[in-house]
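Notes to accompany the following structure.
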């Protein structure tokens, strides 16, 4: 096993363990991450496999195939984070509106 393989496998295992600790409540996220980490370790240990898959998909090199998959995964993560940010903005807006309305109702005296 070469030095870069040891570094990459250690990195993937560390990220997977860290995410497992942080995401232990979300089983789908943990399973997805474990699957991706396992796939990454497999491709690091057997780099020729990516070449075979790449040729079947008419991609020049295995490294190009991995790069393209990483781009797709990157955009998936960006869109997922963007949707979470939008959801948090909506929750914050609703909370502030509700508090402002309650504050306005309690601070104005009823003239009946």
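Couple of notes before you dig in:
- Residue selected from segment 54-77 under the condition surrounded by fewer than 14 Cβ atoms within 10 Å (Cβ to Cβ) and over 18 Å from the mean Cα position of the chain (by Cα), by the criterion nearest to residue 6 (Cα to Cα): 63
- Cβ pairs under 8 Å, 6+ apart, first in segment 10-25 and assigned by TED's automatic domain parsing to the domain that holds residue 39, second at pLDDT below 75 and in a helix (DSSP H, G or I): 19/29; 19/30; 20/30; 23/29; 23/30; 24/30
- Looking across segment 21-31, the residues that are modelled with pLDDT under 70 and either touching a helix residue (DSSP H, G or I) at 6+ places or on another chain (Cβ under 9 Å) or surrounded by 14 or more Cβ atoms within 10 Å (Cβ to Cβ) (or both) come down to 23, 24.
The values are calculated or read from the model by the stated rules, or taken from the named source; none is laboratory data. Predicted model only: the values in this text are computed from it and were never measured. We place every Cβ from the backbone using ideal geometry, glycine too, and count neighbours over all the protein chains shown.
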